[in-house]
1. Report the one residue of A:LEU527, B:VAL461, B:ILE301 whose Cα lies farthest in the direction of the positive end of the charge dipole of the protein assembly as shown (charges on C-beta: Lys and Arg +1, Asp and Glu -1; origin at the Cα centre).
2. Using a simple charge model, +1 on the beta-carbon of Lys and Arg, -1 on the beta-carbon of Asp and Glu, nothing else, what dipole does segment A:380-457 show about its Cα centre, in debye to the nearest 20?
3. For the protein assembly as shown, what is the accessible area per residue in Å² when the probe is 1.4 Å?
4. What residues have an amide H closer than 5 Å to that of B:VAL248, excluding those fewer than 5 places away on the same chain, when H is modeled at 1.01 Å from N in the peptide plane?
5. Expected output is a single nm value to one decimal: the length gained when fully extending between A:ASN3 and A:VAL256, i.e. 0.36 nm times separation in residues minus the C-alpha distance. What is it?
6. Excluding residues fewer than 8 places away in the same chain, name every one of the aspartates and glutamates whose C-alpha is closer than 13 Å to that of B:LYS21.
7. Relative to the Cα centre, what is the charge dipole magnitude of chain A, using +1 at the beta carbon of each Lys and Arg, -1 at the beta carbon of each Asp and Glu, and rounding to the nearest 20 debye?
8. If one takes the accessible area of chain A alone plus chain B alone and subtracts that of the pair, with a 1.4 Å probe, what total in Å², rounded to the nearest 100, results?
Amino acid sequence: MPNFQIGLSGLRVAQRALEIIGTNIANASTEGYHRQDLRIVPISMLSVAGTSIGGARIAEIRRAMDLLLEGELLQQRPRLGQVTQELLTLQSVESAFGEFGSGGLTDVLGNFFGSLQELASQPGSRALQEQAVWAADALARNFQNLGQFLLDLENHIGLEGQRLMEKVNALTAEIAALNGEIHTLTTRGDSPNLLMDLRDQAISDLAELMEVQVNQVSGQSGVVNVLACGTPLVMGRSATKLELGVTVGDKLGVSVKDAGSYTTDLSGGRIGGLIALKNDIFDDLQADLDALASEIIHNINAHHVQGVGSAGSFTSLTGWALSPAELGSWSAWGSHLNEGTFYVRVTDRIAGTATSHAISVTAADTVQTVAGKLDALTGLTAGVVDSALRIAVESESQYRFDFLPAPITTLQGGWSGTSNPTVLGIYTGQAEELYTCTVTAGGTVGLTEGLVVEVRNQAGEVVTELNLGAGYAAGDAVELAGGLSVTFQSGTLTGGEQFTIQALADSDSSGFLSAAGINTFFRGDSLVTAAVSVELLNNPGRLAFAIGQEMSDNTNARRMADLGEKPLAALSNMSPTDSCRMIITGVGERISFGQSRQSSLESMMLQLANHRDRISGVDINEEAAKLLMFEKMYQAMAKLIQTQDSSLQTLMELL
Amino acid sequence: MGNWGAIYNNATYLLQVHAGKLAALQEQAASGARVNRPSDDPSDAYRILALRAQANSLQNYAENLDDVDRNLETSQDVLQQVSTSLIEVRQLTTQVISGTYGPDARGTIAEQINSILDQAFSLANTKSLGRYLFGGTKASSAPYVGERVNGRLTAVEYQGSLDNLPVPVAPGVEYPGLVIGERAFRAGERQAPLFMGETGAACGSATSNVRGSLYLTVVHNQTSYPGGTGIAAGTSSPTGDTIIGEHVLTVAVDGPNKTISLDGGAAVTFEGGEQDLAVTSAAGDVVYVNVENWAGFEGDIAISATGRLSVDGGASYTELTAFTDNVAVTDSRTGRILYVDATALLRTGVEPVRVPGTGDLFGTLIHLRDLLLNEPGLPDDQHQELMAQALEPLDEVAEVVTRAMTSLGGRLQAMDVMRESLESIQFRTGQQADMLEDADIVQVAADLARTQILYEMTMAVASKLLTLSLLDFI
C-alpha cells in the first residue's frame, strides 16, 4: 500500500512554507518585523530494508535575528534619541540668540558699550544720551526676551517630558501585555513570533525615549523584563508607571508614579536628553547668561550711582521696592552688597558749600536705618515709601544732593592757618587713598621761603612736597597725586598743622545705592528682570556721564564704556563682550559637537540597520525564489499523491 | 544585492544627508557667508564675532576721532582768525607808536581795536554742533562772559572748565576733544610784576596772583608835620598833596626873604600868613603847607604822608598804614592780590603794572584800547612811554595763540596718523572677518553641483534597485 502520509507531510510543509512566505512579504515594510524562517526536518514513517522512509515536517518557525546586533541597536537608539532631542532644542536656543544677523545679543551688547564710548566724545549731547539709553533699552529687552525664551523652553521641556513619559507608560503597559500573551502562547507550544516582534518594537520605541536594559526571564520562554536606570519598568506581565517631576534644586527627575522619589540620574533617549537639557545644559546656560546680565547691570550701576548727568545733582530720588529685613539677609549680601560706606554730597546753594557725608552700611542695617542716617543730615529728608528708599532735599531752592566721589578735605582740629586748601580734579587711583598733608614750615602763602606742605599717602610714603612760599601765586593749582591738584588762597599756614584729603575711588564701597536702586542705570539683577531705569528712559539727561565736581566731564561715560572690555572676576576673568561671545559660541560648539555625534550615530545606526536588515529583513526576491521552490514542492507532492493514487487505482484494477 | 530594507535605509539616509548638504550649500550661496550661525563653525564663529565687535568698536573710535577732528579743525580756524586779528592790532599799535597820532586818531584806532576785541570775544565763544569749543569740559555754556559799559567790553572772565575732555579715539588712546580757552588765550608762565610808573611803588617780595596789565592807584590821605616849626598841612593838603612817605621841607630865611622848598626843589617865597601854599619838588611832587603860624623856624622839616592803594580803579583801597615791602592790595572784583613794595613809595599817581607771562587776549586788547584813549588819565609823557611798551603784552598773547595753534596743528597731524592707522586696522579686521565668514562661491558652486548629482544618483539607484524584482520574471 502506498503511504500517502509522505506526500501529505510534504504538502503540509509546502502549504505552511507558502503561508510563511506570504507573512514575510506582507511584512516586508513593517518596522521591527523579523523575517520568519522555517526549519524543515524529515520524519520517519516506516522502515524498508533497514532504511527509514518518511516525509517532512516543520520543526520550527523562527525569527531570523542576531541577538548581539539587536542588543547593539537597542543600546545605540537611546544615544541617538538623546542627541537628537538636545540638538533640536539647542538649535532653537541658537536661533534665539539671533547671531550673524542684525540685532543679535553680541550686536546689542556691542552697541550699548559703543554708544557709551560715543557719548564720551560729546557727554552733554542730548542726542547721544538718548542713543545710549535706547541702546541700553535694546540690550535689556534682548536679555528679557532671551530670558523669557529660556523660561518658555524650560516649560516646553517639562510638557514634552510629560508627554513622552505618558508614551513610556503606554509602551511599558503594552510590553507587559504582550509578555503575557507570549507567555500563554509559548506555554501552549506555539511560536508567537509576530507578538514578539510587536513587543520588541515597543521596547525599541521605548529605547528611543530612555535607556533600557532587557533581560530574558528565566523559565518563561520569550518573556522579558525591562529596566531603566535600575528601576524595573516591566516585570513579566506587570508594568510600573513612571512620572516626571521637579526635584531639589529645580532639577527635572523621574520617579515611580506617586512615589515622589525622583532621580535625575537618567541618561539616554529623548527623556534623557530633556533631563540633560534642563538640569545641565540649560542650568549652565541660564547661569552664564544670568551672570552676564547681572554683572553688566551691577557694574554699570556701580559706576552710574556715583555720577550725574546733564540734569545735575538731585532734588529727590526713589529706589525700588526693598526687603524690610536686615541687609545681611538680602540675597545680594556678600556679593554685590557688603559692609562699607557710601558718601552723599549735599550742596547748599545759598551758602555755596558742598559737604560730603559718609553713611556706613552694616549687615545689621535695614533700609529704614539707612534712611534714618540720611534723614539726619542737614538739607536732606529720607524715608521708606512703599518699601522703597526715598531721598529728597529739605528745600528745593536751597539744597541739592549727589553721590559724586569728590575728594574730602578735612582740616585737623585747631587748624589756625588762614589759607585753606581746595582740592580739584578727579581721582584716578583704583583704591581709596588718604593723603596726609603736613605744613612742615609755616608762613605766608606766596611769601615765606621754605613754606612747604609735605604730602604722604596711607602707607606713609612721601608722595610730593608742595612749595607754597615765594614763587607760588595764591589760587594756582599744584599737582598733588592721582589726578588731583590743590590750590591755596592767600593767607598763612601754621607749621606742624595737618589736613587730610580722602581720595575716593568709589563713593559707594558698600554697593548699597545699587542694591537699593538709587540713581541706577538698570533695574533688575538677572536676564529676565533686566530693564533700564524708568527715570532714565523718561529723562536721558539723567545718564550719569560725569563724576567731576564741575559735572561736565566724561569720566563716568568712559568708565562705563570701558566695562565692555574689562575682565570681571564673576565672569571667570572675561570681559562681558568676551563672555557673551563665549556663551553664544559655546552653544554653537555643543550643537556642532551634537551634529557630529548625531551624524556618527546615524551612520552607525544605518550600518547596524542594514546589517539587521540583511539578517532579519525580508528580501522579496529571496522570498519569490522560495515561493517558486515551495510552489514546485507543493506541485511535486500533489503529483506524488496523484501518482500513488494512480498506482493504487492500477492495482485495484488488477484485482 | 542587499534586501529592499537596506536599499530603503540607504536611500532615505543618503537622501537626507544630501538634502541637508544641499540646504546648507544653498544657504551659503544665497547669503554669501560660510558661517551663518555659530554652530556652522564655532571656533571661526567666535573669531568672526570678536572681529565684528572689534570692527564696530573701531567704527566708534573713528566716529569719535572725526568728532574731535571736526572740533579741533574749527578751533584751529578760530585761532587762526584770532592770530590774524592780533597781527592787525599789532600793525595799528605800531602805527600809533611810530607816528604822531593825536587823541582823535588814537580814538579811531581804539575803536578799530574795540571791534577786533568784540570779534575775538565772539570767536572765543564759537559753537560747533551746539557745543562751545573753548570751554574745556563745559561745552554747554559760553566759556567767556563779558562785562560791558556803554556797550563796550570792560572785562572778560573765563567761566569754562580747566579740565580736558579726553575722548577715546583708539584702544587705550585718548585725545582732548575740546580746547581749554584759558590755555589758548592766556599766557601761563608767571613772572614778577613790572611797575612802570613814577610813584616809587615796586614789586613786593610775595608772589602776586594778579594777571595781565593793571593800574595801581596811589592816593594821598594825610601829610603829617612835626611840632615846633609852625608849619602845618595846608587846606588843600588832603586832596592836593601828591607826596607819599617820607619827605623833607626846607625853610630858609635870608633877610626878609623867606622861602620853603620840598626835597631840594625850587624854593617858594612865603610871607608868613599863607594857609595853603603849594610847594613843588624837583620831581614835581606837590605839598600844600600852612605857614601862618610860622615863627621863624629855619631848617629841614621831616614830613610824612600816608595814603591808600587800589588795583580795581578805586572800587576798594588798601590803607597804607606802614610802608612795608609787602603791602597786599586786593582787586575787589577778582579777589586777586598785588604785593607792593611800598618802602620807596614817594608820590601819588597811577602806576601801570604788568605781570609778564599772565596776559590774556581780552585783557590785553581792553587794556590797549583804554590806553589809546588814555582812560586812566596818565600824563602825556607817561602815556607815550606806556604806548611804546604796548607791543610787549600784545606779542606775549600772540605767542600764546601761536603756540596753541602749533599744539593744535600737531594734535591734528597726530590724529591724521591715528586715522590712517585706525583705517588700516579696520580694513585688516574687516578683511580677516570676511576671510573667515565669506563663502568660497566657486567652491560652493562645485559642491552644490556635486551634491546635486549625488542626490540624483541616490534616487536613481534606489529607484533602479527597487524596480528590479524576481517577481517580474515569474
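The values are calculated or read from the model by the stated rules, or taken from the named source; none is laboratory data. Computed from a predicted model, the values in this text were never measured in an experiment. For neighbour counting, all protein chains shown are included, and Cβ atoms are generated from backbone atoms with ideal geometry for every residue, glycine included. Just the protein is used for accessible areas: all its heavy atoms, side chains included, with ligands, DNA and RNA removed. Shrake-Rupley method; radii C 1.70, N 1.55, O 1.52, S 1.80 Å.
1. Farthest towards the positive end: B:VAL461.
2. Values: 3 positive and 8 negative charges, 15 e Å.
About 80 debye.
3. Details: 49230 Å² over 1129 residues.
I get 44 Å² per residue for this part.
4. Amide H to amide H, under 5 Å and 5 or more residues apart or across chains, B:VAL248 pairs with B:ASP263, B:ILE303.
5. 84.8 nm
6. Candidates past the 8-residue exclusion: B:ASP40, B:ASP447.
7. On the way: 40 positive and 72 negative charges, 506 e Å.
Its charge dipole is roughly 2420 debye.
8. So the total buried area for this chain pair works out to about 4500 Å².
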